[in-house]
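A quick write-up on the structure given underneath.
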Amino acid sequence: MSAMNGTGTRVPAPRIEHHDHPLGVGERSPRLSWQVQTVRPGWRQTAYEIEIDGRTTGRIKSADSVLVPWPGPALTSRQQAEVRVRVWAAGETRPTPWSESTTVEAGLLEPEDWAAGFVGSADISVGDRRPVLLRRDFTARPGLLKARLYATACGLYELQLNGDRIGDDVLAPGWTSYHHRLPYQTYDVTGLLRAGANTIDGWLADGWWRGEYGWNRIGERYGTDTALLAQLELHYTDGSVDQIVTDGTWTWAHGPITASSIYDGEHHDARIEPAGWTPVQTKKPTVGELTAPAGPPVRRTGTLPPASVTRLDDGTHLIDFGQNLAGRLRITVTGPTGTEIGIRHAEVLEQGRLCTRPIRTAVAHDVYVLAGTGTETWEPRFTYHGFRYAEITGWPGDLDPADVVAVVCHDDMHEVGTFSCSDPLVERLHENVRWSMRGNFVSVPTDCPQRDERLGWTGDLQVFAPTAAFLYDATGSIADWLTDVTAETGDDGLVPLYVPHIETDFTQFHCAVWGDVTTVVPLVLFDRAADLGPVLRGYDTARTWVDACRRLLNDRDVIAEGLQLGDWLDPAAPPDRPQQARTDPYLVATAYLAHSARLLARQAELIGKTDDAFVWHGLADRVTAGFRREFVTAAGRCVSDTQTAYALALCFDLLTAAQRVHAGERLAELVREGEFRIGTGFAGTPLILDALTVSGHLEEAYRLLLEKGCPSWLYPVTMGATTIWERWDSMLPDGLINPGNMTSFNHYALGAVADWLHRTVAGLAPAAPGYRTLRVRPRPGGGLSWAAAQHRTPYGDAAVHWQREGSTLQVEVIVPPNCDAQVELPGQQPVSVSSGTHTFSCTYRPAAEDPIAPLPPRRYF
Ligand code: BGC
């Protein structure tokens, strides 16, 4: 812990990019961020000084503390640097004490750094997908200083040194667009080595490289052979280095895992001892660049004990974990050799048994065969399932609930946002959103974690990104995935509907809402996390996308042909034709093009491309004019007289001031006529509450939020949901499961509503990138007596808590150091406050509506 200065201010160790453990980083000039802990209200940084390995920058006059440029020479491969920082504040002459140091170490930054080659099994029998074991014995000389392992695989791998697991990643190296880049992991293995004889060995399985997946169940999507790449570097005190690399000296054998598949589960026969070790074969897979990951790995992030265990008549144990999640079971069992335990998984029950129809062809069946040598603990390695329930067959004797846990697995992101309020159903809804994020950030931000799909659908993340950025520090994970979005978007601006792209029977087309991931998400990361990197790296891709959509415009400046998914999953669409929404898909596409052109103009301004900005503003105006001519009457009624049409027109600022008033009224009317049941799909749902709010219909927004009849946000909660469902009625009111073949119980897209809970119910939003200025704008309503949100911004903790006391609204606001807040309470003039804790009170005015004002260009605030 670094010391406080005389005024009670300290700076904890700086953060390197978005890394928690900056070991093996891929950035040559990683940006630095630091937060300041201070008891001084109104604290403001005026200057900073960074020291790297004893060389300092001197005092740099700047208030910046988030992602500031690396001030030293670029790092070279394996280079370590000690980084610390101190800062000066307004009104203080002396700086803070130096922070603790952060040690950053670069990974292997050049292709020539790799002496290792890919190796794998030499068994060439076609279709043998059995995972294999690989191993190499070696000697470490005395005088070892440190050791690093750089490793990755075509497939999934886990390695161990002298029997101890290396690292704690799950499903490494994760899934990326392997033809473009393959991430490698860096581990500090110093503590696992001993002078003398050592063994490195481990597992290699199909994973996404070779396994069968996608609903068309195609295998070998990236290659026919799995392969491991490992480079162990032993650094000695005398400066010498030994490298133990994957090459022809390694051996392989079959081991106890007899089958493993992401969708179908894993079979492990603990009786099988690896035997017949033979030399590996060197492999030449087609992979892109070897890169260090920008985000955290998938890890085990928690365990849940059974909420109940029921023994069924046929001897099967039915376990309810009380929570739908992504992960797998860990069992501890004792029994005779050869006892076969089967574990099946499902998200829901139907008539008291697992309902596996929604997982379609995913078998989700793990099998463990006991060695019979005593107490055995087992968890599958290279698979995961989306489940709340499990059925266990073959358990020897009575199953003690303490012998089974559900292990939750996902990207190991920090939780940075919370929300709570006086309505337990809304709190549960919010918790469900969090769990759906946890269930779907598994290496790739996926649509769902359970069925034969689990793809990185671009539209889903497009609408969910603001919520994701509030709940977790997901910038690293999302930015990493955006790299693949860029890599896989064609020069023709065809953004894949899901990334990484795999061949299915689903043709790729220029699809609004989905392709708009390229214009929306980089700006979300800028507005929420103050990271301009994704905008800089993604600008050309976003431009190609907008340009492609521009080419789709007809002579009336609207998009009027081509495939579109439109307001996907409008509750009125026939269950087997989710794209047949009430809202004209070309209205959706045209509205999104105007929106995206405006977002692109903003991106161009941010990165100094002012000429481009002019062009994109022009396009936005042109498409907005086309939209008004084609889809809106002069008075403001939309030709698709639907909630989604008005929500788009209002939120994307596509109407004149007069049209907005009428459109808002018509939207509120439709919401009332619909008896507050949801009438929107993927395009409209993330926007409708904002549309009602900005058009002065907050009361209707709350009524819609709090409705419990089907379809509504709270209906699933009343049905016991613990995650967000794909369909409003994934479970029907009679408890039966929706017969449609697309019925996930863990889809985050419709959970995008949480962003409105944070910004409008609690009233916490950024008004400047990274929350450097907070917008505190609670709009109480819906009978709530209190609400609160907290968010660890890049500058520190921010919070809003309001509560009603009689006819008074009491509001407490926490503003992080170096930040300020614009506080806009209902019916009050805005006030500006600086960092510290502030309390306010004003008259409580439920669902107080604001005068309708022209909208600022949409930001992801
Ligand atoms: C996925 C979605 C996705 C959609 C688009 C579905 O199968 O689960 O969330 O966006 O297809 O077609």
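Details
- Of the residues Ser65, Ser695, the one with the fewest other Cβ atoms within 10 Å heads the list, and the complete ranking is Ser65, Ser695.
- Within the same chain, lysines fewer than 8 places from Lys708 are excluded, and of the rest, none has a Cα less than 16 Å from its Cα.
- The residues Ser308, Ser422, when put in order of fewest to most other Cβ atoms within 10 Å, stand as Ser308, Ser422.
- Residues in segment 74-98 reached by a label modelled at Ala63 [backbone nitrogen below 17 Å; 7 Å Cα→Cβ]: 87-92
- With Cα atoms, 0 to 90° folded angle of helix 685-694 axis to the chain main axis: 30 degrees
- Ordered by the number of other Cβ atoms lying within 10 Å of each residue's own Cβ, fewest first, Asp113, Asp460 fall into the sequence Asp113, Asp460.
- Straightening the chain between Thr837 and Thr282 buys 193.6 nm, computed as 0.36 nm per residue apart minus the Cα-Cα spacing.
- Between Thr303 and Glu350, full extension at 0.36 nm per residue minus the direct alpha carbon distance yields a gain of 14.4 nm.
- Cβ-Cβ distance of Ala275 and Thr375, R₀ of 22 Å, FRET efficiency by 1/(1 + (r/R0)^6): the value works out to about 0.35.
- Segment 9-106 shape via C-alpha gyration tensor axes, a/c threshold 1.5: prolate
- Shape analysis of segment 760-849 places it in the prolate category; the axes a ≥ b ≥ c from the Cα gyration tensor give an a/c of at least 1.5, with a/b above b/c.
- Cα gyration tensor, segment 266-363 - rounded (a/c under 1.5), prolate or oblate: oblate
- In the chain, helical runs assigned H by DSSP with n ≥ 4 each contribute -39500 (n - 2.57); averaged across all residues and rounded to the nearest 500, the mean residue ellipticity at 222 nm is -6500 deg cm²/dmol.
- Two-site label geometry, Asp188 and Glu805: point separation in nm, points 7 Å out along Cα→Cβ: 4.9 nm
- Segment 632-717: relative contact order in percent, alpha carbon pairs under 8 Å with at least 6 residues between: 30 percent
- Efficiency of FRET from Cβ geometry, Arg537 and Ala658, R₀ 51 Å, rounded to 0.05: 0.80
- A dipole drawn for segment 54-106 from +1 and -1 charges on Cβ atoms has a positive end, and of Ile60, Thr96, Ser77 the residue lying farthest that way is Ile60.
- Working from label points 7 Å from Cα in the Cα-to-Cβ sense, the Asp242 to Ala625 distance is 7.5 nm.
- Alpha-carbon centroid distance for the pair segment 316-358 / segment 25-46, whole angstrom: 46 Å
- The length gained by stretching the chain between Trp98 and Glu415 to full extension, at 0.36 nm per residue less their Cα-Cα distance, is 111.4 nm.
Where a number appears in this text, it was derived from the coordinates with a stated rule and is not lab data. Note that the coordinates shown come from a computational prediction; the quantities given were computed from them, not determined experimentally. Here Cβ is always computed from backbone atoms with ideal geometry, including for glycine, and neighbour counts include all displayed protein chains.
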